[in-house]
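Reading through the structure tokens given below for one structure.
The values are calculated or read from the model by the stated rules, or taken from the named source; none is laboratory data. Given the structure is predicted, the values throughout are model-derived calculations rather than measurements. A quick note on method: Cβ atoms are made from the backbone with ideal geometry, for glycine too, and the neighbour counts reach across all protein chains shown. Calculation scope for accessible area: heavy atoms of the full protein, side chains included, ligands and nucleic acids excluded. Shrake-Rupley method; radii C 1.70, N 1.55, O 1.52, S 1.80 Å.
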Amino acid sequence: MRADAARNRARLLEAAARLVAERGAEAVTMEAVAAAACVGKGTVFRRFGDRTGLLTALLDHSEKKFQAAFLGGPPPLGPGAPPVERLRAFGCALLRRSADELELQLAAEPGANRRYINPARRVLRHHVEMLLRQAVPGADCELLAHTLMGQLDPALIHHLTKQCGIPLSRLEAAWTDLVDRVTGTRPAC
């Protein structure tokens, strides 16, 4: 990326982050970001494609930190713990991350035709599938990974926590229970 393009991208993301902080993710439009960054609307569209692309780019930093934690961080989230323990830790960490960034994640949610091919979501699902292959090698781990990831969907987390009033701790306990049932294990007390 050219230096001026990198500066423009950083300026656009900074303007978008400021708008999210000031007005919430729903108020972020391509026009508003262009105005806040003092660039033409076409610049924003060329750089990010659409609003979802812009909001996804805003989430990219926390996504990279989360991926680093489960790919190379300390156990139990990172390598070095048994696969089921890592799977439990992964779901609980993703639930907490989603709760912290819920408004932005919902606003960045891709349409149905792109939902499951989103690169970040594919990395998360692949990680769950890899842990399942280690924990229950004879199972259909590809489909089980999709099933487990359904419980970590931002729209469901929003519904359960905001609309139903279920505390995050209960969602974490349900995740652990689901992992234990799918893998046929029980956590050590």
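Enclosing the Cα atoms of segment 126-169 in their convex hull gives a volume equal to 78 cubic angstrom per residue. Taken over segment 56-189, the convex hull of the Cα atoms encloses 106 Å³ per residue.
Backbone phi angles across segment 150-163, fed through the Karplus curve with coefficients 6.51, -1.76 and 1.60 (θ = phi - 60°), yield HN-Hα couplings of x, 6, 9, 5, x, 5, 5, 4, 4, 4, 5, 7, 8, 8 Hz in residue order; Gly and Pro are listed as x.
Normalised by the number of residues in segment 1-55, the mean separation of alpha-carbon contacts (under 8 Å, six or more apart) gives a relative contact order of 29 percent. Here the relative contact order of the chain, from alpha carbon pairs under 8 Å that lie six or more residues apart, stands at 19 percent.
Using a probe of 1.4 angstrom and keeping all protein chains present, the accessible surface of the chain works out to 53 square angstrom per residue. Counting only alpha carbon atoms, the long axis of helix 3-23 and the longest principal axis of the chain meet at about 70°.
Remark: segment 74-141 carries a charge dipole of roughly 160 debye about the Cα centre, counting +1 on each Lys and Arg Cβ and -1 on each Asp and Glu Cβ. Annotation note: chymotrypsin sites (Phe, Trp or Tyr not before Pro) in segment 32-129 located in DSSP loop regions with a Cβ neighbour count of at most 15 within 10 Å are Y116.
What part of the accessible area of segment 24-136, given as a whole %, is carbon or sulfur when the probe is 1.4 angstrom? The nonpolar share, carbon plus sulfur, comes to 58 percent.
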